[in-house]
1. Step by step: first the residues of segment 23-32, then only those that are at pLDDT below 95 and open to solvent by less than 70 Å² (accessible area, probe 1.4 Å), then the one that is farthest from ALA58 (Cα to Cα). Which residue is that?
2. Would you confirm whether or not segment 142-158 contains a residue that is in contact with a Pro (Cβ under 9 Å, 6 or more places away or on another chain), at pLDDT below 85 and of a type in the set (A, V, I, L, M)?
3. How many residues does segment 65-83 contain that are surrounded by 12 or more Cβ atoms within 10 Å (Cβ to Cβ) and over 22 Å from GLU21 (Cβ atoms)?
4. Enumerate the pairs (first residue in segment 84-107 and more than 15 Å from GLU21 (Cα to Cα); second residue anywhere and assigned to a helix (DSSP H, G or I)) with beta-carbon separation below 9 Å, excluding pairs fewer than 6 apart on the same chain, so at least 6 apart or on different chains.
5. Please go through segment 104-135 and give me each residue that is surrounded by fewer than 11 Cβ atoms within 10 Å (Cβ to Cβ) and either closer than 30 Å to ARG65 by Cα or of a type in the set (Val, Ile, Thr) (or both), ordered by number.
6. Which of the residues spanning segment 35-61 are touching a helix residue (DSSP H, G or I) at 6+ places or on another chain (Cβ under 7 Å) and closer than 11 Å to LEU22 by Cα?
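The values are calculated or read from the model by the stated rules, or taken from the named source; none is laboratory data. Note that the coordinates shown come from a computational prediction; the quantities given were computed from them, not determined experimentally. Virtual Cβ from ideal backbone geometry, glycine too; neighbours counted across all protein chains shown. Surface accessibility is based on the protein's heavy atoms, side chains included, excluding ligands, DNA and RNA. Shrake-Rupley method; radii C 1.70, N 1.55, O 1.52, S 1.80 Å.
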Amino acid sequence: MRFNEKELVSLSRQPSEMAAELGMRGPKKGDVVKKRLVKLVVNFLFYFRTDEEEPIGALLLEQCRVEREDSQSFSIAFLDEAERKYLFECDSEEQCGEWVDSIIKASYEFMRKNLIFYRTEIHRLTGKDPLEQYGISDETRFQVSNGMQLMPRDTSSL
């Protein structure tokens with residue numbers, strides 16, 4: 001996926017789902033925990049120096065694993081580079097739980113799975129595909145991953 005700096009800076013200024021000053025340690029050996037303003041915007045986690053308006057970095061929250069490290073800290077590691085781990089320290093156990101839940105729910109894959117689940121449930125209850133009215137019901141990205149597809153109620157036109 002390609003991004004340019006202007007697009008990322010613009011996205012970082014959008015309203016965030018969550019924002020807080022957290023302790024953050026990067027993935028390099030010898031990195032130390034530093035206070036950073038961390039903002040969750042859609043499926044990006046931006047981090048800023050606390051006195052600056054432009055982000056110093058961004059993590060695309062796809063293909064990653066979010067884990068609690070202890071009661072007040074969590075980590076993010078990317079599946080293709082599991083040894084590189086970003087650590088975040090929160091002020092409370094409650095705040096840590098909120099961040100972990102929000103980050104997990106921010107990924108495209110999580111949203112896609114939810115859409116498929118609710119699409120299947122609506123079809124099961126009503127017999128109608130809720131995406132059909134938008135003309136996107138046959139798009140593969142909205143299909144159940146195990147090969148099952150929602151079939152239209154009236155198959156005589158197929």
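1. Result: ASP31.
2. For segment 142-158, residues in contact with a Pro (Cβ under 9 Å, 6 or more places away or on another chain), at pLDDT below 85 and of a type in the set (A, V, I, L, M): present.
3. Within segment 65-83, residues that are surrounded by 12 or more Cβ atoms within 10 Å (Cβ to Cβ) and over 22 Å from GLU21 (Cβ atoms) number 3.
4. ILE104/PHE110; LYS105/MET111; LYS105/ASN114
5. Across segment 104-135, the qualifying residue is only THR126.
6. If the condition is that a residue be touching a helix residue (DSSP H, G or I) at 6+ places or on another chain (Cβ under 7 Å) and closer than 11 Å to LEU22 by Cα, then LYS39 is the only one that fits.
Residue-by-condition table, conditions (1) aromatic (Phe, Trp, Tyr); (2) in a loop (DSSP other than H, G, I, E, B):
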residue	(1), (2)
PHE46	yes, no
LEU59	no, no
PHE74	yes, no
GLU83	no, no
TYR86	yes, no
ASP91	no, yes
CYS96	no, no
ILE104	no, no
